[in-house]
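The values are calculated or read from the model by the stated rules, or taken from the named source; none is laboratory data. For clarity, every value in this text was computed on a predicted model and none was experimentally measured. Positions of Cβ are backbone-derived with ideal geometry, glycine not excepted, and every protein chain shown enters the neighbour counts. Heads up: the accessible areas ignore ligands, DNA and RNA and are worked out on the full protein's heavy atoms, side chains in. Shrake-Rupley method; radii C 1.70, N 1.55, O 1.52, S 1.80 Å.
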Amino acid sequence: MSEYTSDQLIEIEEGKKAHIDTSIYENPDFLAIQMRQIRFALTAGLDVAPYVSNRFDWMQMEEIFTGLEQKVDVSLFAKPEIPYEKMHQIRKGLVRGIDISQDVKYSAGVLKQLRKSREENLDIHKYVEQRYDPEQLYQIRLALKSGCELDPYIVTDFRGAAIAEIRIGLEEDIDVMVYANIQFGWRQMREIRYGLERRLDISLYANHYYDWEQMREIRLGLEAGLDVTPYATLMFTSNEMRKRRILLEEGAREVSFTEDDYEISIMSGGLEAYITVKIESGKINRESLMSTLAEHEISYGIIEDNIQAICDGKYTKKPILVARGNMPKKGDDGYYEYFFEVNRDKRPKVLEDGSVDYHTINWGTVVKEGDVLAVYHDATDGEDGHSVSGEEIKGKKGIEQELLKGEGFSLSEDKHTYTAATDGMASLDGGKLVVTKHLEVDEVSLVTGNVNFDGSVHVKGNVENGAVIKATGDIIVDGNVGGAEIESSSGKVMLNKGMNAGRRGKVKADKGVVSKFLEGVIVISNEDIDVANSMNSLLRAKGKILSSRSIIGGKAFASKGYRVHDLGNEAGTITQVQIGIDQEIIDRVNALKDRMKENKKQLMLLDNSAKELKIKYPPEIRNELPLYKKIDSAIFTINQQNEELTKEREMLNREILYSRECTIKIDGTAFEGVTCILHKSKWEAAGEKRVEIKGTSGGQVNITNT
């Protein structure tokens, strides 16, 4: 087999491993990629013998074999002279019961539009015969689909984008004849369409001598209510038009009038009027001044004292406020009034003396069906103001809030009152109102039976040995817990008195575990574990492990570090705490590595095939080969996938680096018998007090006094 390339040998070997008849493609004239397509088809149990020929490239084989798998009549397109792009369109049509093989003389792009039009029960054949291109046919098809009659307005000289502007105009029932002219480019058409939609006088810019950017500046000026004639001329570029438009807009907000002895300025959007006296000294005639103010429509909010001061000659070179309108006031925004505890914190309360109260964990509000949960109060109207000319300035209404999303509640007809649709626990998380089902029991034991509940569970008493509590929401136990199994699939577990399991109990929670004490318990949490005292337990947290008193004996594993008071005890009880990467992250990283490794193999196969074509054909021929184009496209696609995989790997690596930066902070004492493992670093305690421990990449440990 010396005449085979290494890639071809791999394909033959892979086929034999899959126990297929590789003799059908054991031909050195096949590219390795062709062998690969045949191997995949044979592995899928397809009868590909009639199509295993060098007359088909690997892309054609892919279309034929996919057609066989989809059980369509591949004889309609399985012909060497039909390029794979056309095969693709014919096959997709056949899958939908449409045969466009009789139109195979047209390009693949045209075939696509023919196929889609047939799927939509439209007929575009007459436009195809008039030689409209695929881009144009796409817009024609959309127009026919929406019921627009394009024929009076289009010619083959229009680009597809221009036909799109005509189509959109027809759909919006505007007079497209104004711009359906070959003299306009599609961007110019768009600017005219925008003007028609906004009821503007487009005659001021619907001139093909303007470029589209000049048209836009004139349109924006018209939208702002400006007199655009000072700049709507072909002598200005679009940049110059923009500058002049902005100046006009600013002038509309601040206006000055110059008289012989003084200047009047209207500022702040018409809310203030100032006079700046230009003469050094002397009195201003009051009658003349008031007449001038009236001439400029300044009549509201006149400040008589300042007017009189000017008339008495008591002024400086600074502007003097002579009239002030009243500012419009925005109304109050709409808001929700809630009738349950919204800002709940499911952590134990830290008391003034630094101790922790595990009996007052705020875990939510229990509601009954029909209880009012929230009432919406509408935004109020604003208060109108007035300009110095007496013109009314409308006050803005306050902003309304969105309707609350969520579940477990009903909304009144006026969309204002939210009531509980069931008994349960009310909560507001991220703007989402949820009432989860809620179960209250006095105790859980082998006598009462186990609990398996879709919602939250509140046990007022004890949970005895052998009992099982499973819930989708939060689980809270007021009493003592023995060797039981407690699991919350999407909530938090809170044990107000604690759990003594005698190494027979387990707690598992998605949102964290809070407990007064844990003894002989396996605890697994996707977030933090917060415990006052832990003895001889196995703790595993994807978040942090927090202990206000001590962790003695057993093992603890946290991905994001520790904050504890004491580790171990004076008796030297063996205690191990560890910081490390969560196994789930390790598994994801390994899966990414495997995927990237497979992509690397595919890229090597494609690169080798591309090299063969480069050797075989000069660039001017090779670059036009469909096979080479497909190989090049596949290489591009896989490289894109690799970029995405690389980004994900970098994100995971950041999590790993973050974990390596995490520390074990001890506010009290680390007793002898304690071992801290920080990735590759290991530290044995010897009674150190108030320290923070951090591992290094070199396997050393940094200890800092706190």
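The set of residues in region 363-375 that are at pLDDT below 90 and either within 30 Å of V322 (Cα to Cα) or open to solvent by less than 50 Å² (accessible area, probe 1.4 Å) (or both) comprises W363, G364, T365, V367. Considering only residues of region 59-89 that are out of contact with any His (no Cβ under 8 Å at 6 or more places or on another chain), charged (D, E, K, R) and assigned to a helix (DSSP H, G or I), which is most open to solvent (accessible area, probe 1.4 Å)? Here the residue is E69. Checking each residue in region 618-631 for being closer than 17 Å to E62 by Cβ and exposed (fewer than 15 other Cβ atoms within 10 Å of the Cβ) picks out only P626.
Taking region 639-706 as the region of interest, the strands (runs of 3 or more DSSP E) fully inside it that hold 1 or more residues being open to solvent by 60 Å² or more (accessible area, probe 1.4 Å) and out of contact with any Leu (no Cβ under 8 Å at 6 or more places or on another chain) are 681-684, 688-695, 701-705.
Across region 268-308, what is the total count of residues that are within 18 Å of V388 (Cβ to Cβ) and either open to solvent by less than 70 Å² (accessible area, probe 1.4 Å) or of a type in the set (G, A, S) (or both)? Total meeting the criteria: 23. Would you say Q130 is over 35 Å from the mean Cα position of the chain (by Cα), of a type outside the set (A, V, I, L, M) and under 26 Å from F65 (Cβ atoms)? In short, no. Considering only residues that are modelled with pLDDT of 90 or more, closer than 21 Å to Q602 by Cα and in a helix (DSSP H, G or I), which ones fall in region 36-58? Across region 36-58, the qualifying residues are I38, R39, F40, A41, L42, T43. The lone criterion from (1) within 30 Å of L293 (Cα to Cα); (2) of a type outside the set (A, V, I, L, M); (3) open to solvent by less than 60 Å² (accessible area, probe 1.4 Å) left unmet by E217 is number (1).
Among what's in region 90-112 and is surrounded by fewer than 21 Cβ atoms within 10 Å (Cβ to Cβ) and among the β-branched types (V, I, T), pick the residue that is farthest from the chain's Cα centre (by Cα). Here the answer is V104. Restricting to region 486-542, give me the number of residues that are of a type in the set (A, V, I, L, M) and over 20 Å from N450 (Cα atoms). Number satisfying all stated conditions: 11. Figure legend. Inter-residue proximity from region 526-542: first residues over 16 Å from G498 (Cα atoms), second residues of a type in the set (V, I, T) and crowded, with 20+ Cβ neighbours inside 10 Å, beta-carbon distance below 6 Å, spacing 6+ or different chains. Indicated pairs: A541/I529. Of the residues making up region 501-528, those that are crowded, with 18+ Cβ neighbours inside 10 Å and closer than 14 Å to V481 by Cβ number 16.
Evaluating T258 against the criteria (1) open to solvent by less than 70 Å² (accessible area, probe 1.4 Å); (2) at pLDDT below 85; (3) among the hydroxyl-bearing types (S, T, Y) leaves one unmet condition, (1).
If you go through region 259-295 and pick out every residue that is aliphatic (A, V, I, L, M), within 26 Å of P328 (Cβ to Cβ) and in contact (Cβ under 8 Å) with a residue 24 or more places away in the chain, you end up with 6. Within region 113-125, does at least one residue satisfy the condition of being open to solvent by less than 20 Å² (accessible area, probe 1.4 Å), closer than 30 Å to G45 by Cβ, at pLDDT 95 or above and not aliphatic (A, V, I, L, M)? Looking for residues that are open to solvent by less than 20 Å² (accessible area, probe 1.4 Å), closer than 30 Å to G45 by Cβ, at pLDDT 95 or above and not aliphatic (A, V, I, L, M), one finds at least one in region 113-125, hence yes.
Which ones in region 454-495 are of a type outside the set (D, E), open to solvent by 10 Å² or more (accessible area, probe 1.4 Å) and within 19 Å of N526 (Cβ to Cβ)? Selection gives K470, T472, G473, S489, S490, K492.
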